[in-house]
Amino acid sequence: MSERQTGLASFTRRQSSNTAQEISEAPRKRGKGETVSITVRLTRSQWERLHQFAVSEGDSLQGLALRGLSLLLREKGLGEL
C-alpha cells in the first residue's frame, strides 16, 4: 500500500512535468496590458492624512506614490520610474 502524504507535506510533492507545462501555458488574466494595477491597504486615518497631503500638494495619491518610489530608487542608484 502506498503511503499518502497529508497536511503541509502534500504541498511539497513534486509536480509532473505535464502539470507544470499546462500551468505555464494557461492564459494570463491579470497584468497583461501596459498598465498594471496594485492595491495598497491603509487605515482610514492613514488614507485621510495622505489624501489631505495630496490635495495640499496639488497631486494625486498615485502621483505621490510614484514620486516617493522614484526617490527611493534614485537613492539606491537604481534610476527613477
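The values are calculated or read from the model by the stated rules, or taken from the named source; none is laboratory data. For clarity, every value in this text was computed on a predicted model and none was experimentally measured. Here Cβ is always computed from backbone atoms with ideal geometry, including for glycine, and neighbour counts include all displayed protein chains.
Does Arg14 qualify as being modelled with pLDDT under 85, in a loop (DSSP other than H, G, I, E, B) and not hydroxyl-bearing (Ser, Thr, Tyr)? Yes.
Of everything listed in (1) exposed (fewer than 11 other Cβ atoms within 10 Å of the Cβ); (2) in contact with a helix residue (DSSP H, G or I) (Cβ under 8 Å, 6 or more places away or on another chain); (3) of a type outside the set (D, E, K, R), the single unmet condition for His51 is (1).
Checked against the criterion of being of a type outside the set (Lys, Arg) and at pLDDT below 70, the candidates Glu57, Glu34, Glu22, Glu48 yield just one match: Glu22. For region 21-61, filtered to residues that are outside any loop (DSSP other than H, G, I, E, B) and either under 15 Å from the mean Cα position of the chain (by Cα) or of a type in the set (Phe, Trp, Tyr) (or both), the residue that is farthest from Leu81 (Cα to Cα) is Trp47.
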